Amino acid sequence: MYIKDIIKIFENKYPKSLSYNWDNVGLIVGDEMSKVTKILVTLEATQAVIDEAVEKNVNLIITHHPFIFKGLKKINTSTTKGNDIYKLIKNNISLYSAHTNFDIAYDGLNDEIVKRLDLRDVLVLDTTYNQKLYKISVYAPLSHQECIRKAMVDMGCGNIGNYSDCSFTFNGLGRFKPLNKSNPYIGVKNEIETVEEVKIESICEESNLSDAINNIIKAHPYEEVAYDIYELKNVGKQYGLGRIGNLENNIKFKELAECVKESLNIKDLKVTGNLEEYVNKIAIVSGSGSEFINKAHNMGADVLITGDVKYHDAQNALELGIKLIDAGHFGSENIFSDIVVQYLQNKFENIEILKSKSNINPFITI
Ligand SMILES: [Zn+2]
């Protein structure tokens, strides 16, 4: 297994294209053609994490926070970053980061918190992208209809709401004349051929379109595959930062705060607002989400759960009447490792996937 294979599967779920323009995600250090037997997952690649990776013979580190964010002019051992990069390369360790794409994608950080708090009727808090939808029509001989339908579904075609494998087929007659340079699967050169064919149609998201077409061409027996792609007006999946949803029942704010501590496995957090009041509609922005206080309030949230809340942001929230839970930047994002380890373990049985044991929280509460 090569790093590029891991990246391909990972980015099927957490596409790089979802990240913000200012972000720096993907393979930050290393060689995508390197072999992988052991992966270490962490929120942050500190010196301790890199030492841990060297000691455990890891080939790939996956982090949430981009390992390199600003431009570097030198890479040498006189700076901490230079020393880290030098150590990674010397030990043949690659490093991959999935940041805002992991916050935005479905089943990323924000959705994991939604799941742990058991929120319902969940919506995206701040939309960044609407997935375009396409219809693919492909013409094939009757003998190949099943394998072409499979080729489409395998690449993510045919998903409509709570249904998968959706397609439509109609039978008809296909006509063509193989020209001099052709090598026809059916028919002979310079004679018009009529073949019983099927037209298979299925819906496809923009992000899967080129993979789906390539897979159809691979499965199709014809030298020249006849297919059409139509852009649809149907509304596709909405992507964005943060989530907002409802609890099953109204609960006291202090109960919610306890529940957040337990579900994120943290010892302490800060809150603003009356702990005795009841709450139901909860907004979540993992990491630093103070800039979404107004948005969450406008969408009717009783509480915003986030991290890195500054004094004036807390004052603003109090004035607006929205409660805040500041679980800390580390506290609200450290579950990154749990999500990635579980996802990759299900996909790659023969690769050892470890959660870093290094303590990366820079704060100690006394
Ligand atoms: Zn963060």
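The values are calculated or read from the model by the stated rules, or taken from the named source; none is laboratory data. Note that this is a predicted model, so its numbers are computed, not measured. Please note: Cβ atoms are built from the backbone with ideal geometry, for glycine as well, and neighbour counts cover all protein chains shown. Each accessible area value is taken on the protein alone, full model and side chains, heavy atoms only, with ligands, DNA and RNA left out. Shrake-Rupley method; radii C 1.70, N 1.55, O 1.52, S 1.80 Å.
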(request) Name, by its number, the condition in (1) within 27 Å of the chain's Cα centre (by Cα); (2) open to solvent by less than 20 Å² (accessible area, probe 1.4 Å); (3) closer than 30 Å to PHE168 by Cβ that does not hold for LEU264. (result) (3)
(request) Just need a number here: residues in region 170-188 that are open to solvent by less than 100 Å² (accessible area, probe 1.4 Å) and not in a strand (DSSP E or B). (result) 6
(request) Have a look at TYR222, TYR227 and point out the one that is over 30 Å from ASP313 (Cα atoms), open to solvent by less than 40 Å² (accessible area, probe 1.4 Å) and among the aromatic types (Phe, Trp, Tyr). (result) TYR222
(request) Identify all residues within region 114-140 that are among the aliphatic types (A, V, I, L, M) and either buried (at least 16 other Cβ atoms within 10 Å of the Cβ) or more than 19 Å from ALA296 (Cβ to Cβ) (or both); write none if there are none. (result) VAL114, LEU117, LEU119, VAL122, VAL124, LEU125, LEU133, ILE136, VAL138, ALA140
(request) Search region 252-268 for residues being away from the ligand (no atom under 16 Å from the Cβ) and of a type in the set (A, V, I, L, M, F, W, C), and hand back the single one that is farthest from ILE104 (Cα to Cα). (result) PHE253
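Quick grid of which residues meet (1) crowded, with 18+ Cβ neighbours inside 10 Å; (2) within 16 Å of the ligand (Cβ to nearest atom):
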{"position": "SER290", "(1), (2)": "yes, yes"}
{"position": "ILE293", "(1), (2)": "yes, no"}
{"position": "HIS312", "(1), (2)": "no, no"}
{"position": "GLU352", "(1), (2)": "no, no"}
{"position": "SER356", "(1), (2)": "yes, yes"}
{"position": "PHE363", "(1), (2)": "no, yes"}
(message) Taking the condition of being open to solvent by less than 90 Å² (accessible area, probe 1.4 Å), more than 28 Å from ASP103 (Cα to Cα) and either modelled with pLDDT under 95 or in contact with a helix residue (DSSP H, G or I) (Cβ under 6 Å, 6 or more places away or on another chain) (or both), how many residues in region 53-78 meet it?
(response) 2
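The rows are residues; the columns are (1) under 22 Å from the mean Cα position of the chain (by Cα); (2) modelled with pLDDT under 95; (3) among the basic types (Lys, Arg).
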| site | (1), (2), (3) |
| --- | --- |
| ILE89 | no, no, no |
| ASP107 | yes, no, no |
| ASP111 | yes, no, no |
| ASN130 | yes, yes, no |
| LYS135 | no, no, yes |
| ILE148 | no, no, no |
| THR169 | no, no, no |
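Does VAL279 count as open to solvent by less than 20 Å² (accessible area, probe 1.4 Å) and within 16 Å of the ligand (Cβ to nearest atom)?
no
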(message) Given the criteria of a type in the set (Lys, Arg) and either within 28 Å of GLY331 (Cβ to Cβ) or within 23 Å of the chain's Cα centre (by Cα) (or both), does LYS73 qualify?
(response) no
(message) Show me the strands (runs of 3 or more DSSP E) entirely contained within region 205-312 in which 2 or more residues are among the hydroxyl-bearing types (Ser, Thr, Tyr).
(response) 227-231, 278-288
